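Inspection log for the structure reproduced underneath, given as structure tokens.
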Amino acid sequence: MDKIKRVKELNELLHKASYVYYGLDKPIMSDKEYDDLYDELVNLEKETECVLAGSPTQKVQGYILDGFKKVEHSKPMLSADKTKEVSEVEKFIDNRDFYCSYKLDGLTLVVKYKDGKFVQGITRGNGTIGEDVTEQCRFIKNLPMKISNKHDIELRGECVISWDEFHRINATLDEPYSNPRNLAAGTLRNLDLNVIRDRNLSFVVFELVSPTFTHKWDGLKAIEDMGFECVGRAKGTVENCVEGMQPDWYAYPVDGLIFELNSSELSKSLGATSHHENCRIALKWEDTLYKTKLTDIEWNTSKTGLINPVAVFEPVDLDGAITTRATLHNLSYIEDLQLGIGDEIVVYRANMVIPKVHDNLTRSNTWTFPDECPVCGGLTKIVKDNDTKVVMCDNPNCKGKLLGKLSHAVSKNALNIDGMSEATIEFLIERGWLTSIKDIYKLDYYREPWKEYDGFGNKSVDRLLGNIENSRKTNLMRVLYAQSIPLIGKSASKDIANHCQNDIETFYSLMYEDYNFTAIDGFGTEMQKSLANWWNSNSEEFMDLLGEFEFKSTYEVVVDKKLEGLNFVITGSLNNFGNRTELQNLIESMGGKVSGSVSAKTSYLLNNDINSTSSKNRKAKELNIPIITEEDFIKMIGE
Ligand SMILES: [Zn+2]
């Protein structure tokens with residue numbers, strides 16, 4: 001079956017070389033080499049009848065779905081019985097023929113084939129009813145869309161994201177995913193298929209439901225020969241398997257091992273409980289704990305004035321990553337652990353990603369409360385936030401707060417001022433040019449002196465001031481979110497804005513009459529309190545700030561980052577928008593980007609004349625980038 005292997009190899013090679021995925025300016029091989037490999041793949045696909053979902057020979061274009069259809073499973077999807085004891089596994093196996101496989105940590109899917117073609121993909125859902133993700137599956141790069149075998153085939157497997165992809169994607173996100181499972185789930189359930197196309201999801205088979213083989217091991221082998229990727233597995237003694245299958249040796253995230261009886265007939269005769277089938281047992285790994293010494297507790301002031309503690313400890317190798325710091329969350333957390341510098345603590349990597357302090361073996365309880373803010377030296381106070389105690393800087397003019405507050409105010413989902421980095425804000429605070437959000441809109445006054453400073457040229461200052469000007473056109477949600485009101489995040493700001501029909505006058509008349517926003521679903525009493533507190537001490541400053549903005553109906557589209565990660569190029573004349581800038585602002589307000597020329601990074605070319613032979617259209621076709629009309633776009637954003 002070397003030909004199937006070559007098909008996979010070619011897929012990988014061509015993906016790597018493709019502009020579309022890696023966004024390379026320079027290709028890693030010549031066009032001739034690419035074409036030769038491409039032709040080889042076309043021929044091999046014909047010969048083996050194995051065509052993977054992401055195959056460069058299959059031009060599938062991304063689009064956006066309306067929602068998910070519910071589907072009933074042909075047989076209920078049960079869990080595996082679990083244990084943390086190897087002896088329990090040995091008792092279960094009881095000298096019967098078995099094999100061991102990794103327990104993948106992703107999203108379980110059922111995929112079905114008819115007449116050699118992929119026909120359906122369904123999520124596990126609640127075990128009885130799942131969601132139809134057939135269209136999404138067409139973008140899972142290693143999932144065959146065509147196979148040589150013409151029987152009805154049903155497979156179970158895990159939709160996962162490899163560690164490599166996890167790190168690559170997270171590096172591009174403002175709010176990284178805490179573990180690969182969440183990323184895989186978030187990606188697969190994305191209705192925007194372009195997102196799935198750009199993130200390398202994998203489908204790894206762990207069970208052949210039909211047809212059945214006498215021995216399951218042989219069934220998986222046969223599936224592999226058709227071009228599927230099957231889970232890493234081994235035979236031998238239980239002990240050998242446990243030792244030989246370590247989590248960090250595998251490309252995909254795993255949270256244990258599955259021990260499965262090999263005989264299909266025996267498995268069937270053992271039956272199932274309502275929870276699990278009796279033919280397998282899962283050995284769950286416990287988080288590996290490591291001892292180290294606490295050398296310091298660091299306190300960092302955030303934009304709200306909250307001072308967050310971080311444990312600093314002697315370097316420890318946490319599952320392959322040298323780690324010296326872990327969050328301590330809040331004061332209560334430190335009190336519970338009775339920490340003290342020099343204490344022997346136990347740390348681990350939760351979900352193999354986030355370092356955490358598990359326990360304190362010494363419990364000297366000699367830690368000291370920071371009575372001064374590490375940034376401004378102002379006095380601190382303890383505040384009770386629900387059931388936990390936190391430390392706050394009490395100085396209203398704290399620079400740490402100001403820096404955090406302004407960095408937040410200019411961020412993408414708030415006022416969205418591109419190029420206003422933390423270092424720049426720090427510089428402007430130092431000069432005394434920035435003391436509030438309103439000051440951002442007065443920076444033009446310093447245009448000339450600003451250009452005299454190292455690191456700021458004519459161009460960069462002009463560009464930044466231009467971006468600041470553009471940010472005046474905004475909407476209520478952005479302006480509210482920019483205020484850093486405790487507990488009022490992006491979605492609460494959006495809720496408030498929607499509740500006020502995005503009308504600023506409505507907003508302040510409601511605020512003046514002490515309107516209760518808890519009428520909004522999910523808007524809690526604590527949020528209400530926080531909003532009211534903020535209004536009491538900031539209403540004047542806020543009203544004053546509003547004079548800087550231009551609230552326009554076209555900019556009041558409050559759709560949450562629907563276009564995030566998408567790059568648009570706009571060309572030709574427009575019918576529904578006044579001009580390109582208007583459309584560009586709308587795209588950017590929804591998290592998308594607009595650039596001037598078509599490149600590998602372009603997600604869509606927006607051109608009302610789809611058949612135009614302009615260079616942009618040609619380039620887009622060449623790079624397999626969808627060309628959409630204004631109408632398509634409006635449908636896409638659901639306006
Ligand atoms: Zn402070």
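Computed from the C-alpha gyration tensor, the three semi-axes of the ellipsoid equivalent to segment 200-340 are 45, 17, 16 Å, from longest to shortest. Is the shape of the chain best called rounded, prolate or oblate, per the rule: a/c under 1.5 gives rounded, else a/b larger than b/c gives prolate, else oblate, with a ≥ b ≥ c the square roots of the Cα gyration tensor eigenvalues? The shape class here is oblate. Note on residue 215 and residue 580: the model spin-label points, each 7 Å out from Cα along the C-beta direction, lie 6.5 nm apart.
Each helix, a run of at least 4 DSSP H residues, gives -39500 (n - 2.57); summed and divided by the residues of the chain, these come to -10000 deg cm²/dmol at 222 nm.
Extent along the principal axes, Cα only, for segment 567-637: 29, 23, 20 Å, with the longest axis given first. Taking the Cα centre of segment 399-471 as origin and assigning +1 to Lys and Arg Cβ atoms and -1 to Asp and Glu Cβ atoms, the resulting dipole is close to 260 debye.
Between the beta carbons of residue 239 and residue 427, assuming R0 = 45 Å, the FRET efficiency works out to 0.15 to the nearest 0.05. On full extension, the segment bounded by residue 438 and residue 354 gains 26.5 nm, given 0.36 nm per residue less the C-alpha separation. Scoring 285-295, 206-216 by mean Cβ neighbours within 10 Å over their residues and listing the highest first yields 206-216, 285-295. So, in nm, how far is label residue 346 from label residue 530 when the simple model puts each one 7 Å beyond its Cα toward the Cβ? Here the modelled spin labels are 3.4 nm apart. At full extension, residue 335 and residue 49 could sit 96.6 nm farther apart than now, given 0.36 nm per residue minus the alpha carbon distance. Near residue 11, once Lys and Arg are set to +1 and Asp and Glu to -1 for all other residues with Cβ below 12 Å from its Cβ, the sum equals 0. What does a probe at residue 564 reach in segment 382-416, counting residues whose amide N is under 18 Å from the point 7 Å along Cα→Cβ? Answer for segment 382-416: 408-416. Under the simplified labelling scheme, the residue 614-residue 322 pair shows an inter-label distance of 5.3 nm, with each label point 7 Å from Cα along Cα→Cβ.
From the cross-link list 32/601; 69/112; 8/601; 216/268; 103/235; 141/635, which pairs have alpha carbons spaced over 20 Å apart? Over 20 Å Cα-Cα: 32/601; 8/601; 141/635. Between residue 86 and residue 624, the FRET efficiency from the beta-carbon distance, with R0 = 56 Å, is close to 0.65. Non-local lysine pairs in segment 408-548, meaning eight or more places apart or on different chains, with alpha-carbon distances under 19 Å, amount to 13.
Between residue 164 and residue 8, what's the calculated FRET efficiency when r is the beta-carbon distance and R0 is 22 Å? Round to 0.05. So the FRET efficiency works out to roughly 0.85.
Read-outs throughout are calculated quantities, based only on the coordinates presented, and are distinct from any laboratory measurement. Every value quoted in this text rests on a predicted model; they were computed, and no experiment measured them. Cβ sites come from the backbone with ideal geometry, for glycine too, and all protein chains shown count toward neighbours.
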